[in-house]
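Undergrad: Okay, handing you the structure first.
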Amino acid sequence: MTTRTLGRVVRRLRKSRRRTQVELAQRAQVSQGYLAALEGGLKTNPSLSTLTKLAKALGVPVAELLELPREEYPSREEDHVSNSLGQVVHRRCVPSVGSGSGDAQRRAGL
């Protein structure tokens, strides 16, 4: 998922809940400027903490902000969000390494 797509998801969810950027920013405890930049695709790489606050303020799982398929949603998000997102980010962002590359994987901490 690109940051631009994340921004569109946040905007769509915010508008469907009839919230202004100011209202959502207050609920999520982020600045309105940050939220505007995120929705506009100008802000990149939001922290897990920020994603969690936005998801909570919007009443959705973090996985929904990332538009993950339902089967990838953690069963209890509060307990698994960090681990699950780490796995998803790893799975989507780290290229597969073929067999015989164990040394490279160990050096990379994978």
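The values are calculated or read from the model by the stated rules, or taken from the named source; none is laboratory data. Note that the structure is predicted; figures quoted are calculated from it, not measured. Heads up, the Cβs are rebuilt from the backbone with ideal geometry, glycines too, and the neighbour counts pull from every protein chain shown.
Undergrad: Test Gly7 against the criterion of being surrounded by fewer than 18 Cβ atoms within 10 Å (Cβ to Cβ), in contact (Cβ under 8 Å) with a residue 24 or more places away in the chain and farther than 17 Å from Gly59 by Cβ, and give yes or no. Can you show your working first?
TA: Numbers: surrounded by fewer than 18 Cβ atoms within 10 Å (Cβ to Cβ): no; in contact (Cβ under 8 Å) with a residue 24 or more places away in the chain: yes; farther than 17 Å from Gly59 by Cβ: yes.
Answer is no for this residue.
Undergrad: Within region 1-23, which residues are over 12 Å from Leu65 (Cβ atoms) and in a helix (DSSP H, G or I)?
TA: Passing the criteria: Arg4, Lys15, Ser16, Gln21, Val22, Glu23.
Undergrad: Scanning for something part of a helix (DSSP H, G or I), under 13 Å from the mean Cα position of the chain (by Cα) and modelled with pLDDT of 65 or more, does region 79-100 turn up at least one residue?
TA: Scanning region 79-100 turns up no residue that is part of a helix (DSSP H, G or I), under 13 Å from the mean Cα position of the chain (by Cα) and modelled with pLDDT of 65 or more.
Undergrad: Looking at region 11-52 only, could you name the residues that are of a type in the set (S, T, N, Q) and surrounded by 14 or more Cβ atoms within 10 Å (Cβ to Cβ)? Lay out the reasoning, then the answer.
TA: Step one: list which residues in region 11-52 are of a type in the set (S, T, N, Q), which gives 16, 20-21, 26, 29, 31-32, 44-45, 47, 49-50, 52.
Residues satisfying the conditions are Gln21, Gln26, Gln32, Thr50, Thr52.
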